[in-house]
Amino acid sequence: MLEKMKTTEFSPEIEIIYEDEDIVVLNKPAGVLTIPDRFSRAIPNLYDILSEKYGKIFVVHRLDKETSGVICFAKNEEAHANLSEKFEEHDVNKVYLALITGHLRNKEGRIDLPLSENEKVPGTMKVDYENGKRSITEYRVLEEFENYSLVEVRPLTGRMHQIRVHFKAIGHPLAIDSVYGGREEIFLSEIKKKYKVKENETERPLMNRLTLHALKLGFFHFRKKEYVEFEAKLPKDFESLIRQLRKHSKVET
């Protein structure tokens, strides 16, 4: 049975998907940091929340603040060393769902573009053919809508912002990405024909954060001696957006 942890009155509950003596796997809500913010410790983050619950906790990998989905932490040094090596060697199965702009010519493919930090805009990444590290993202189109595509994404490497930068580089940034795509929200009035906002009312966005969700995470469990895989269900905002696109903006194939 799934357990939920309350973070603070300002942030949502966090679902524990699985835990044992070595690891704890969570469904991270969008808006919660993986590790503490360097300037403000008061901003909700998973490391502090888990440290309060378990005492010592070890960060294995990270998700962007506005990305939701499955994330794993280690409970002891042995598990931390083992999992860190797996992530370093790309021996982890990671599957994301991304809503991107437009339609891809190739419905299945691989983006192989080197990435490095963007010195001109601190905290962001760029395609860099001279000094970038090799970065590979595989994708498969699941559904197409009038102006968007729902894509299953498998990053084979783990660079910061890799999925976001790769899709921007091929001309199809995430549907919502204020840094790499320029959009901060999507409204129902953009999707539903003849939709009108009621007089004296302000339309609220269907979604106003990154259209990226970490769906699955799988690896060989060193103590169980077997492959384990965990899945995090889509949050309500993302699910609602996809539902409205299917209803009002589906592209017939």
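The values are calculated or read from the model by the stated rules, or taken from the named source; none is laboratory data. Treat the numbers as computed from the prediction; the structure is a model and nothing was measured. Cβ placement follows ideal geometry from the backbone for every residue including glycine, while neighbour counts extend to all protein chains displayed. Heavy atoms of the whole protein, side chains included, go into the accessibility calculation; ligands, DNA and RNA do not. Shrake-Rupley method; radii C 1.70, N 1.55, O 1.52, S 1.80 Å.
Summary table below
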item: All positions within the range 63-99 that are in a helix (DSSP H, G or I) and touching a residue at least 12 places away in the same chain (Cβ under 8 Å); result: Glu77, Glu78, Ala79, His80, Asn82, Leu83, Ser84, Lys86, Phe87
item: Considering residues of the range 21-47 that are over 20 Å from the mean Cα position of the chain (by Cα) and open to solvent by 30 Å² or more (accessible area, probe 1.4 Å) only, the residue modelled with the highest pLDDT; result: Glu21
item: Lone unmet requirement of (1) part of a strand (DSSP E or B); (2) open to solvent by 20 Å² or more (accessible area, probe 1.4 Å) for Thr137; result: (2)
item: Candidates Gly181, Gly171 - the one that is assigned to a loop (DSSP other than H, G, I, E, B), under 20 Å from Val151 (Cβ atoms) and at pLDDT below 95; result: Gly181
item: Residues being open to solvent by 100 Å² or more (accessible area, probe 1.4 Å), under 17 Å from Glu143 (Cβ atoms) and part of a helix (DSSP H, G or I) - total across the range 218-252; result: 3
item: Residue selected from the range 193-217 under the condition part of a strand (DSSP E or B) and touching a helix residue (DSSP H, G or I) at 6+ places or on another chain (Cβ under 9 Å), by the criterion farthest from Val32 (Cα to Cα); result: Met207
item: Matching residues in the range 119-147 - criterion: being of a type in the set (Lys, Arg) and farther than 17 Å from Lys168 by Cα; result: Lys120, Lys133
